[in-house]
Amino acid sequence: MQNSTKDNIIHQNVSRRPSPTKIVFVWLAATLIFGVFVGIGLSRYFALFETSRTGVSFNVINKSAPDNVVVKDLDMSKFWKVLGLVEDNYLDVSDVDPSDIVDGAINGMMAALGDPYTSYYSDEQNQGFKDDLEGVYGGVGAQLGFKDDRLAIIAPLEG
């Protein structure tokens, strides 16, 4: 009887051990999953830090301020650094019009003044405003204004 108990214990220990096929399968599956995650991580890393995929670069003209502009300790290095990052990392920099970047920077400069009445219009916007002002006027043809704190006709309008 003692011998059959020993055989039973040995049989139980043997049946708990995984087969070599299962071990190889689990090892291959774990390696495959690990490889997929490493591949995804590396592709994201290189997508973020890849430089200038399109070969397009901005050519800066008029780098210095005109003589009539007084510049007081204006450090443009941050602007150039960000422009370089856009050039190197933006997905499709060839679709970006450099004049749009300059117009956006000027709009930001005007907004930084904090004055709602100070604004910048691009060449296209400015031409649109001029076109809207041209045309036929209706009314009595007089320019109104204030004279001695009273509303008065200042000048007649032609047409």
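Remarks
- In terms of packing, defined here as the mean over residues of other Cβ atoms within 10 angstrom, the peptides 100-111, 66-77, 27-38 line up highest first as 100-111, 27-38, 66-77.
- Rounded to the nearest Hz, the phi-derived 3J(HN,Hα) couplings of the stretch 97-102 under the Karplus curve 6.51 cos²θ - 1.76 cosθ + 1.60 (θ = phi - 60°) are 8, x, 5, 5, 5, 5, where x marks glycine and proline.
- Whichever aspartates and glutamates have a C-alpha closer than 16 Å to that of LYS78, once near sequence neighbours (fewer than 8 apart) are set aside: GLU87, ASP88
- Each Lys and Arg Cβ is given +1 and each Asp and Glu Cβ -1; about its Cα centre, the stretch 120-159 then shows a dipole of about 280 debye.
No lab work stands behind these numbers, since they all come straight from the coordinates. Computed from a predicted model, the values in this text were never measured in an experiment. Note: ideal-geometry Cβ built from the backbone for every residue, glycine included; neighbour counts use all protein chains shown.
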